[in-house]
């Protein structure tokens with residue numbers, strides 16, 4: 001070391017003491033900005049694109065409903081007709097209203113009026129199923145819905 | 001090396017490794033949520049008390065059939081032209097009372113943006129992606145008009161103001177200020193988008 005490149009002075013070792021700090025900073029960044037995906041999808045969920053979107057701000061004011069064809073590994077059992085997924089199970093249209101009401105009851109009373117139902121519907125689904133769900137939601141007077149989409153050119157949906 | 005005094009320093013060299021491990025774990029297991037979409041209000045179940053009579057010329061009908069074709073005001077239309085057609089209809093201003101409209105004042109089209117209604121009807125067999133695209137274009141028509149008015153009055157986009165207004169992190173004094181502006185623009189072009197029951201043929 002002393003005669004490294006025969007230079008007049010020895011090179012000091014680069015201190016790596018601050019490396020943990022930097023990494024921790026990154027770690028905390030990722031821990032705060034990301035949310036763990038809480039439900040496993042049983043249905044295909046390839047959302048359409050739209051440009052005029054609004055952000056769904058608060059996670060606790062949202063009830064999610066997934067609609068899509070059963071995932072490929074379940075298709076042999078469940079067929080290829082679109083199914084509705086509530087929480088972690090597949091359900092029929094008639095169960096939507098009970099599910100939504102039970103979810104609503106779990107929310108604190110102060111935010112119940114602001115609850116939005118986020119409809120995560122696969123591109124390939126026919127509108128009939130969606131309008132049945134909307135009809136169920138109207139029955140229980142939950143009128144705020146959000147057709148959840150990706151942000152992107154809407155005309156790409158058509159291809 | 002003889003030890004002098006105090007406890008020896010703890011070796012922190014492996015700290016970075018541990019932190020990296022955690023970091024990679026979080027990177028892999030988490031996904032950034034894609035929660036954005038088109039907001040819609042559903043009509044309440046109870047029908048309104050009295051029947052409202054709406055002139056046919058104030059209604060802009062959009063029909064989607066199961067093949068994804070559009071019938072707009074009884075004419076076949078390409079999806080790409082829908083936004084323009086909807087904007088023309090909304091700001092037609094036939095009764096002349098709308099001083100910010102730039103429409104043609106066509107007698108057979110809508111009287112006033114506040115009276116103009118877009119009615120959307122689709123088939124049960126329509127693909128959801130088509131449905132969303134049409135919704136997107138119609139909302140886009142409203143947003144384009146609102147943005148134009150907003151640029152004229154306040155020098156910034158309506159969608160931008162609305163997003164800031166709806167963002168819970170916006171300070172309340174800013175929000176109060178935005179509330180009036182947002183309301184003002186919304187009153188100029190109220191979003192009247194009605195959806196008929198789906199048909200099954």
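Please compute the modelled spin-label separation between residue A:111 and residue B:157, points set 7 Å along Cα→Cβ, answer in nm with one decimal.
2.8 nm
Mind sorting B:10, A:67 by how few other Cβ atoms lie within 10 Å of their own Cβ, fewest first? Kindly include the intermediate steps, with their values, before the conclusion.
Values: B:10 7, A:67 23.
Going from sparsest to densest Cβ surroundings: B:10, A:67.
Please give the FRET efficiency for residue A:10 paired with residue B:24, using the beta carbon to beta carbon distance and R0 = 41 Å, rounded to the nearest 0.05. Could the numbers behind the result be given before it?
Details: r = 35 Å, r/R0 = 0.86.
Between residue A:10 and residue B:24 the formula returns 0.70.
Please rank A:99, B:100, fewest neighbouring Cβ atoms within 10 Å first, as an exposure proxy.
Working: A:99 18, B:100 14.
Least crowded to most crowded, the residues run B:100, A:99.
In vacuo Debye scattering of the range A:49-158, one point per C-alpha: log10 I(q)/I(0) at q = 0.14, 0.15, 0.20 Å⁻¹?
Each listed q corresponds, in turn, to -0.61, -0.69, -1.14.
Quick one: angle between helix A:95-106 and the longest Cα principal axis of chain A, in degrees between 0 and 90, rounded to 10, please.
Roughly 50 degrees between the two axes.
Of A:50, A:13, A:105, which is the most mobile in a GNM of chain A whose springs link Cα atoms less than 10 angstrom apart?
Highest fluctuation among the options: A:13.
Counting other C-beta atoms within 10 Å, which of B:157, A:88, B:74 has the fewest, and how do the rest follow? Let's see the in-between values first.
Working: B:157 15, A:88 10, B:74 7.
In order of increasing Cβ crowding within 10 Å: B:74, A:88, B:157.
If I model a spin label as a point 7 Å beyond the Cα along the Cα-Cβ vector, how far apart are those points for residue B:7 and residue A:77 in nm?
5.4 nm
Name the most mobile residue of A:149, A:40, A:16, meaning the one with the largest mean-square fluctuation, in a Gaussian network model of chain A with Cα contacts below 10 Å.
Result for chain A, Cα springs under 10 Å: A:16 fluctuates most.
So what is the 222 nm mean residue ellipticity for the protein assembly as shown from helices alone, if each DSSP H run of at least 4 adds -39500 (n - 2.57) and you divide by all residues, rounding to the nearest 500 deg cm²/dmol?
-10500 deg cm²/dmol
How far, in nm, would the chain grow between residue B:114 and residue B:164 when pulled straight, counting 0.36 nm per residue and subtracting the alpha carbon separation? Don't skip to the answer; put the middle values down first.
Details: separation 50, 0.36 × 50 = 18.00 nm, distance 2.48 nm.
Value of the extension gain: 15.5 nm.
Relative contact order for the range B:56-195 using alpha-carbon pairs under 8 Å, separation at least 6, rounded to a whole percent? Can you show the working numbers first?
Values: 200 pairs, mean separation 35.2, N = 140.
Relative contact order of the range B:56-195: 25 percent.
What is chain A's relative contact order, in percent, from Cα pairs under 8 angstrom and six or more apart in sequence? Mind dumping the intermediate values first?
Values: 198 pairs, mean separation 44.9, N = 159.
Relative contact order here is 28 percent.
Take chain A, connect every pair of alpha-carbon atoms lying under 10 Å apart with a spring to form a Gaussian network, then pick out the residue of A:59, A:134, A:144 with the largest mean-square fluctuation.
A:59
Helix B:172-188 sits at what angle to the longest principal axis of chain B, using alpha carbons and giving 0 to 90 degrees rounded to 10?
It is inclined by approximately 20 degrees.
Taken together, the values in this text are just the output of simple stated rules run on the coordinates, not laboratory data. Not measured: the values here are computed from a predicted model. Note that each Cβ is placed from the backbone with ideal geometry, even for glycine, and that neighbours are counted across all protein chains shown.
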